[in-house]
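So the structure is just underneath, and the comments pick up after that.
The values are calculated or read from the model by the stated rules, or taken from the named source; none is laboratory data. Since this is a predicted model, take the numbers as computed values, not measurements. Here the Cβ positions follow ideal geometry from the backbone for every residue, glycine too, while neighbour counts run over all protein chains shown.
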Amino acid sequence: MADLVVGKDKCGEQRLVSLPLSRIRVIMKSSPEVSSINQEALVLTAKATTYYQRRF
């Protein structure tokens, strides 16, 4: 499966996700069951959300 490349950052380089990871982290940590979030899980959640937005 190829990486999802969406948008460009401030320097003009391509980014993997178009959503702010800090906002996704806050939403994930709002659950009382979550104590810490792995960076890989955060990026995969952002990629899945971006894919879902484009699909539907």
- line: Of the conditions (1) assigned to a helix (DSSP H, G or I); (2) at pLDDT 90 or above, the single one that residue 54 does not satisfy is (2)
- prompt: So which residues in segment 11-51 are surrounded by fewer than 10 Cβ atoms within 10 Å (Cβ to Cβ) and either at pLDDT below 90 or of a type in the set (Phe, Trp, Tyr) (or both), if there are any at all?
  reply: 11, 12, 13
